[in-house]
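Shown next, in structure tokens, is the structure this report addresses.
Quick note: the coordinates plus some simple rules give every number you see, no bench work behind them. Remember, predicted model here, so these are calculated numbers, not experimental data. Here Cβ is always computed from backbone atoms with ideal geometry, including for glycine, and neighbour counts include all displayed protein chains.
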Amino acid sequence: MIFKKLFGKKKKWLSEKVSERLAAVAELDLVNDKPVLHELAFNDGDDKVRRASLEKLNEFSLWWQAFKNDVSDAIQRYAEKIIIEYLTGKRELETRLKQQFIEECNKTQLLEQVVFELQDETLTLATLQRINKDNLTLKAITDSQLPESAKLQLLANIDDNNQLKKLTKKLKGELLTAAENKLLQQKQAAEKPVKLEKQSRLLLAQLNALKEKSD
């Protein structure tokens, strides 16, 4: 009886009929038949069977594989939707796995979609660093829910003079003071070589004057 049941399952998920393979997905057990479901999720020739198998397995790492590798645009889009739900808290996922995903993900467009919805300051900062786009960093400083301490941290890494000038028009309080101080430091740094050159010339002139007087 047991062998008959196992044989029935095997025959069903190997059937040439999509409807029977879909029925098999519904009947397969997550514990005992996981390798079969995995095989169907990534190697079945029909989109509906692959998607049904992925939904049955319902693992973040598998959705990530499908998003990267599935030949179907429809499944890639659906997998992307599920991944975003995991990252933004609509589905439960450990922070550790989110962090690992952000470190490994090379899909910038996906990261841009979730960067301000991660509900975690550390993850948001890590994602901004991973994306490394000035416009998103500026948006994080001027128009995000990040705490002021995080915004100050982002501001400390901006050295572009034009960006700092733009920020001074939008910021206030401690953030404005920090941006103005950076501009002042840049101005002083730019002026320092000129001052040193003038001082050197003055010293040289004085030395020449003393030499002429001595002669």
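Here are some notes:
- The alpha-carbon of LYS12 sits under 16 angstrom from the alpha-carbons of these aspartates and glutamates, leaving out residues fewer than 8 places away in its chain: GLU20, GLU27, ASP29, ASP33, GLU39, ASP44, ASP46.
- Taking 19 Å as the limit for the C-alpha separation, the pairs LYS34/LYS98; LYS48/LYS90; LYS56/LYS107; LYS81/LYS107 exceed it in the case of LYS34/LYS98; LYS48/LYS90; LYS56/LYS107.
- Applying the criteria of a DSSP loop state and at most 12 other Cβ atoms within 10 Å to the trypsin sites (Lys or Arg not before Pro) of region 8-81 yields LYS17.
- Inter-site label distance for LEU152 and GLN129 at 7 Å from Cα along Cβ, in nm: 1.9 nm
- Once both labels are positioned 7 Å from their Cα atoms along Cα-to-Cβ, the gap between LYS166 and SER72 label points is 4.2 nm.
- For the pair ALA189 and HIS38, label points projected 7 Å from Cα toward Cβ lie 5.2 nm apart.
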